[in-house]
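Quick notes on the structure that follows.
The values are calculated or read from the model by the stated rules, or taken from the named source; none is laboratory data. As the structure is a computational prediction, the values presented were derived from the model and not from experiment. Note that each Cβ is placed from the backbone with ideal geometry, even for glycine, and that neighbours are counted across all protein chains shown.
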Amino acid sequence: MQGHSTYTPGTAFERWLDRRLPIVGLVHSSFVSFPTPKNLNYFWTFGAILSAMLVWQILTGIMLAMHYTPNDALAFASVEHIMRDVNYGWLLRYGHANGASMFFIAVYVHMFRGLYYGSYKEPREVLWLLGMIIFLLMMATGFMGYVLPWGQMSFWGATVITSLFGAIPVVGQSIVTWLWGGFSVGDPTLNRFFSLHYLLPFMIAGVVVLHVWALHVVGQNNPTGVEPKSTEDTVPFTPYATLKDIFATSVFFVFFAWFIFYIPNYLGDPDNYVEANRLATPAHIVPEWYFLPFYAILRSIPDKLGGVICMFGAIVMLFAVPWLDTSKVRSANYRPLYRWFFWILVIVAIGLGWLGAQEPKDWYVFISRLLTAYYFIHFLVILPLLGLIETPKPLPPSISEAVLAKTGQQAHA
Amino acid sequence: MATSTPDLADPSRRDFLYIATGAVGVVGAGALAWPFIDQMNPDASALALSSIEVDISAIQPGQIVTVQWRGKPVFIRNRTDKEMQDVKAVPLGDLKDPQADAARVKKGHENLLIVVGVCTHLGCIPLGHQGEYEGWFCPCHGSVYDPSGRIRKGPAPLNLEVPAYSFLSEKVVKIG
């Protein structure tokens with residue numbers, strides 16, 4: 001691959017700088033001359049969309065922190081102060097709260113893209129693992145951010161989720177007390193969650209740098225799953241990928257703007273507009289939508305420790321995917337069986353999400369158990385077995401030939 | 001007679017110094033880490049609020065009074081004779097977390113049950129006089145407790161916690 005920079009310092013200053021810190025060359029080779037497979041579809045723009053969301057969340061978050069008060073007596077009122085008094089405070093808060101949802105929509109598309117096209121397979125395992133670490137950090141950040149408005153759902157969500165650690169034998173209760181800084185969720189908890197909620201996005205940014213670095217070492221996967229073999233198969237990152245990414249990000253932000261300006265509370269819970277009350281539990285505690293599939297798994301197990309193990313196990317499955325999938329063929333386009341199981345997994349994940357929002361009664365519990373069992377069977381049984389029994393379709397010799405076969409055109413002379 | 005040449009023939013002396021230096025470094029890092037970790041534990045002001053005194057004389061039979069202790073609700077339940085008979089009649093073998101009712105109350109005050117009002121599943125507050133045994137019912141994930149605060153059904157693993165308490169007089173209970 002033509003990974004190395006074609007950059008030559010032009011001016012005397014660039015030559016001077018290049019000998020001391022070759023940063024212009026680094027940017028040039030990473031974001032200008034970097035070869036991208038020419039058959040990438042729009043699912044490959046979600047990396048750029050996610051980067052834009054991270055920048056947006058950090059910017060709006062820093063501005064919100066200028067007006068927010070992390071104290072149990074003042075937090076709820078300070079959020080209302082942001083909404084009513086602060087100039088454009090409503091835009092910052094709605095933008096930040098809905099931004100978290102958009103961030104998760106984009107990350108789930110990005111992850112399912114990786115699962116469909118086998119982007120986690122050799123040599124991209126480390127790239128995938130770094131992505132999973134980002135996902136974990138995002139979940140921690142999202143959870144702690146949701147506690148800050150100090151509404152009923154903030155308080156009781158924090159209580160339920162921190163209590164999960166109480167399931168750990170022997171030391172569980174000490175860990176929970178340590179996390180709370182008291183004998184229940186309270187002011188110390190809110191204060192430390194604010195501190196960590198501010199810290200974690202910068203840790204995410206750090207791991208994103210590693211993620212992009214790993215990506216640029218192994219190169220991008222593509223819809224055929226066949227590695228680029230010649231310069232015929234790739235186009236330079238700039239202008240091709242750059243402009244496509246900017247276009248896709250713009251479209252995504254139109255979708256995002258629809259939420260901010262027309263349905264800003266659609267994804268939120270009305271109970272969170274009631275201030276936290278430690279003596280009254282809301283009738284129905286639900287986490288934010290992006291945690292619902294994992295919450296459904298937690299609730300479907302009729303044992304406290306078992307439920308917690310399964311919930312974290314669901315995420316461990318994703319970490320282990322590169323080693324659970326035994327097929328050498330990356331793209332599901334050439335895997336007639338896996339393709340079906342992929343879509344079943346998508347439906348199961350959405351189904352678990354829906355069940356996570358329902359009250360745990362009657363047949364809901366039974367269906368939750370069924371889907372939970374299937375989720376684990378997909379990763380632990382189906383994925384390893386498919387690679388052994390499936391006959392993949394013949395792979396195209398190269399990306400170029402796949403593209404030409406699809407469009408039915410002859411290579412230009 | 002000192003020489004600046006390292007004593008290559010006898011590496012054990014130098015190895016000892018490396019290991020000893022490393023060990024001191026590890027102990028030092030650990031000693032410094034502890035304050036950084038412990039600062040998150042409950043502080044002196046949280047610990048100072050660790051006991052309350054409650055006047056129980058006005059609690060009628062069948063009534064549950066909720067008081068706040070360490071930021072958590074505590075249920076004080078003046079149980080009726082029927083409730084006490086019911087919970088005493090339950091064989092210990094039927095219980096998920098076997099404990100006799102007598103072990104959950106103070107002698108001479110068997111009618112008075114004092115428990116922390118936090119579900120042992122994931123920390124919600126159970127509702128009194130509800131559920132199959134008319135003890136408590138947790139609306140979050142459906143745990144059912146009897147009038148002794150013992151877990152009977154649902155995902156919670158343990159009985160409602162009995163806090164440390166003592167009778168200062170016939171009328172006043174000190175919790176904590």
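The rows are residues; the columns are (1) surrounded by fewer than 22 Cβ atoms within 10 Å (Cβ to Cβ); (2) at pLDDT 95 or above.
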| position | (1), (2) |
| --- | --- |
| A:Met102 | no, yes |
| A:Lys121 | yes, yes |
| A:Glu125 | yes, yes |
| A:Leu130 | yes, yes |
| A:Ile133 | yes, yes |
| A:Leu136 | yes, yes |
| A:Gly142 | yes, yes |
| A:Ile168 | yes, no |
| A:Thr189 | no, yes |
I want to confirm something. Restricting to the stretch A:170-187 and keeping residues that are surrounded by fewer than 19 Cβ atoms within 10 Å (Cβ to Cβ) and of a type in the set (A, V, I, L, M, F, W, C), which single residue is nearest to the other protein chains (Cβ to nearest Cβ)?
A:Trp178
Which of the numbered conditions does A:Arg113 fail, given that it passes all the others? Conditions: (1) basic (Lys, Arg); (2) closer than 30 Å to A:Gly219 by Cβ; (3) crowded, with 22+ Cβ neighbours inside 10 Å.
(3)
If I filter the stretch B:56-69 for residues that are under 24 Å from A:Leu164 (Cα atoms) and surrounded by fewer than 19 Cβ atoms within 10 Å (Cβ to Cβ), do I get at least one hit?
yes
Single residue of the stretch B:43-70 satisfying the filter (under 16 Å from B:Ser166 (Cα atoms) and assigned to a loop (DSSP other than H, G, I, E, B)) that is farthest from the other protein chains (Cβ to nearest Cβ):
B:Ser57
Count of residues meeting criterion [closer than 18 Å to A:Tyr374 by Cα, assigned to a helix (DSSP H, G or I) and within 12 Å of chain B (Cβ to nearest Cβ)] in the stretch A:297-324:
7
Is the stretch A:159-181 home to any residue that is within 19 Å of B:Lys72 (Cα to Cα), in contact (Cβ under 8 Å) with a residue 60 or more places away in the chain and among the β-branched types (Val, Ile, Thr)?
yes
Answer yes or no as to whether A:Phe237 is of a type in the set (A, V, I, L, M, F, W, C) and surrounded by 15 or more Cβ atoms within 10 Å (Cβ to Cβ).
yes
Out of (1) at pLDDT 95 or above; (2) touching a helix residue (DSSP H, G or I) at 6+ places or on another chain (Cβ under 6 Å); (3) away from chain B (no Cβ under 14 Å), the odd one out for A:Phe193 is which?
(3)
Among the residues of the stretch A:223-234, is any assigned to a helix (DSSP H, G or I), of a type in the set (D, E, K, R) and either without any contact (Cβ under 8 Å) to a residue 24 or more places away in the chain or within 14 Å of chain B (Cβ to nearest Cβ) (or both)?
no
So A:Ser154, is it surrounded by 23 or more Cβ atoms within 10 Å (Cβ to Cβ), part of a loop (DSSP other than H, G, I, E, B) and polar (S, T, N, Q)
no
If a residue has to be of a type in the set (Gly, Ala, Ser) and within 25 Å of the chain's Cα centre (by Cα) to count, how many in the stretch A:152-176 make the cut?
4
Condition met for A:Val207 (touching a helix residue (DSSP H, G or I) at 6+ places or on another chain (Cβ under 6 Å) and either more than 12 Å from every other protein chain (Cβ to nearest Cβ) or in a helix (DSSP H, G or I) (or both)):
yes
Is the stretch A:269-290 home to any residue that is among the charged types (D, E, K, R), without any contact (Cβ under 8 Å) to a residue 24 or more places away in the chain and assigned to a loop (DSSP other than H, G, I, E, B)?
no
